[in-house]
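The values are calculated or read from the model by the stated rules, or taken from the named source; none is laboratory data. The structure displayed is predicted, hence computed values, not measured ones. Here the Cβ is made from the backbone with ideal geometry for all residues, glycine too, and neighbour counts use every protein chain on show.
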Amino acid sequence: MVAVLGACVFFADGLDALLRAWQLPEYSHGPLIPILSGLLFLRQLKTVPVEPGPKRDRWLGVTVMLGAIAVGALGKLANISDIVAYATIIWVYGILLISFGTKTGWHFWPPVLHLVYMLPLPDTLYYKMSTWLQFISSELGVWFLRLMSVPVFLDGNIIDMGVYKLHVAEACSGLRYLFPILSFSYIFAVLYKGPMWHKAVLLISAAPITVLMNSVRIAIAGYIVNNYGIEWVDGFSHFFEGWVIFLACIVILFGLARVMLLMNPQKMSLADALDLDTEGLLTQAMRIRFVYPSAAIITAAVLMVSASLAWQAVPDRSAMAVSREPFAIFPKTMGEWSQARPAQTLSAEVEAALQADDYHSVYFSTGDGSPEVELFMAWYADQTRGGVHSPEVCLPGGGWEIAWLERSDVSETFGSGKPFELNRAIIQKGQTRMMVYYWFQQRERRIAWDIEAKFWLMVDSITTGRKDGAMIRLTTLIGPGESDATAEARLTSLLHEIMAPLPRFIPES
């Protein structure tokens with residue numbers, strides 16, 4: 001009990017992150033996961049004989065607990081509460097190994113692993129998965145609409161039906177159904193008594209079933225809009241439609257299991273194949289009285305209390321205040337480049353998705369008649385609360401296709417000797433083609449890969465307390481008959497000009 005109380009204090013940041021995540025529609029199933037994992041554990045405990053005597057193989061659990069404390073401390077130092085939440089699951093496995101001994105405790109990994117489904121995905125992975133699901137769902141949804149003879153055109157994730165346009169937003173990307181169905185399929189596979197390959201199919205099939213049914217949901221919404229008007233998909237009907245699709249996914253999962261059982265020579269019924277016996281679970285819960293004090297248990301309690309007390313002495317890890325100038329006073333003239341239009345203001349919806357503390361969107365021109373170059377910069381004071389979104393995620397949702405993308409180190413063109421990695425891309429929408437440069441700024445580092453930027457964010461958070469960062473993007477139209485090299489020369493020219501004033505607005509040290 002002392003170890004549990006100490007863990008509640010030490011891992012409080014992670015538990016708070018879970019409570020916040022569970023308020024989002026995508027993770028609203030989260031509170032059910034610990035309950036279901038507990039039931040899985042008690043069911044599995046029924047297969048383990050009572051061993052009230054002392055156990056000598058508890059020390060591996062202490063080692064696992066030390067690992068949980070180390071991971072949790074790393075997350076707390078970096079002020080990334082999701083890492084602390086992940087560490088909590090490691091701690092749960094460690095306490096089971098200590099309580100039941102390694103020989104018995106390691107068998108309880110299925111209910112512990114199931115706890116992963118209560119965790120929020122890292123932001124970068126979430127946005128990449130969300131975009132991919134949106135794309136697949138949009139394509140399949142439009143295909144279904146065309147089967148129903150509904151005239152429709154797909155522009156990115158925007159379903160154009162002439163009079164009406166439907167946007168396949170993040171909430172409708174399938175993640176709302178995917179996470180709970182993945183959890184359900186995991187439990188289904190654990191309780192299923194058929195062959196192992198059946199279990200694997202049931203587990204893997206959850207994702208494609210969800211995407212397929214989400215596409216059906218989009219097609220139904222499009223059909224209703226086309227025939228009855230857009231107001232019919234708002235409010236309660238939208239909510240009801242979502243739950244109908246969720247239940248349909250469950251029915252398909254059961255149907256798949258039934259089909260596989262028909263192919264099985266043993267010819268089991270679905271009721272026989274699912275181990276749904278819940279008798280005696282309370283009796284199993286009472287077996288906690290057989291966990292007697294031992295040196296390992298006392299050590300675990302001391303470790304957790306010590307870690308909790310030691311953390312109280314650690315200085316505040318909130319984001320360090322960084323002195324910078326606002327983008328509003330960014331130079332309007334640099335070399336041969338001058339601001340061609342007033343700075344653009346994003347829509348309230350885009351601003352909310354961007355979550356930047358300061359941003360700047362402005363077009364520059366040389367005045368020689370060549371296409372303008374858009375400079376877009378977004379700065380974040382604390383990236384641990386959201387942070388930069390990669391254009392690789394945002395552009396396809398707006399109807400742009402990434403025709404070509406490569407990461408390059410352009411440090412030689414600046415002669416600074418410091419690495420300068422950026423993404424060089426060509427995007428297109430219909431006959432329109434554009435050249436794009438973009439990179440992520442993490443202090444003095446210029447990074448092309450968003451995952452690497454997240455890594456350095458964690459390093460900077462731990463070592464210096466700095467959590468700020470930015471994303472910079474340069475975009476220009478590739479004119480009719482113009483070569484890619486000419487368009488790229490424009491980007492490179494403006495890139496050279498902005499490097500001198502940039503540190504005033506995106507501090508490097």
Q. Which condition number in (1) in a helix (DSSP H, G or I); (2) modelled with pLDDT under 85 is the one that residue 266 fails?
A. (1)
Q. Any residue in segment 292-302 that is surrounded by 14 or more Cβ atoms within 10 Å (Cβ to Cβ), aliphatic (A, V, I, L, M), assigned to a helix (DSSP H, G or I) and at pLDDT below 80?
A. no
Q) In this structure, is residue 35 assigned to a helix (DSSP H, G or I) and touching a helix residue (DSSP H, G or I) at 6+ places or on another chain (Cβ under 6 Å)? A) no
Q: Hey, could you check segment 185-208 for residues that are touching a helix residue (DSSP H, G or I) at 6+ places or on another chain (Cβ under 7 Å) and of a type in the set (Val, Ile, Thr) and say which is farthest from residue 245 (Cα to Cα)?
A: 190
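Conditions tested, residue by residue: (1) out of contact with any His (no Cβ under 8 Å at 6 or more places or on another chain); (2) modelled with pLDDT under 85; (3) under 26 Å from residue 25 (Cβ atoms); (4) part of a helix (DSSP H, G or I).
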{"site": "200", "(1), (2), (3), (4)": "yes, no, no, yes"}
{"site": "217", "(1), (2), (3), (4)": "yes, yes, yes, yes"}
{"site": "232", "(1), (2), (3), (4)": "yes, yes, yes, yes"}
{"site": "237", "(1), (2), (3), (4)": "yes, yes, yes, yes"}
{"site": "272", "(1), (2), (3), (4)": "yes, yes, no, yes"}
{"site": "277", "(1), (2), (3), (4)": "yes, yes, no, no"}
**Q.** When residues of segment 64-75 are limited to those that are surrounded by 23 or more Cβ atoms within 10 Å (Cβ to Cβ) and under 20 Å from the mean Cα position of the chain (by Cα), the one farthest from residue 48 (Cα to Cα)
**A.** 75
Q | Residues located in segment 73-103, provided they are hydroxyl-bearing (Ser, Thr, Tyr), in contact (Cβ under 8 Å) with a residue 40 or more places away in the chain and closer than 20 Å to residue 60 by Cα | A | 86, 88, 99, 102
**Q.** Among the candidates 117, 93, residue that is touching a helix residue (DSSP H, G or I) at 6+ places or on another chain (Cβ under 6 Å), crowded, with 20+ Cβ neighbours inside 10 Å, closer than 18 Å to residue 207 by Cβ and not hydrophobic (A, V, I, L, M, F, W, C)
**A.** 117
(Q) Looking only at segment 474-491, how many residues end up being in contact with a helix residue (DSSP H, G or I) (Cβ under 9 Å, 6 or more places away or on another chain) and crowded, with 17+ Cβ neighbours inside 10 Å? (A) 5
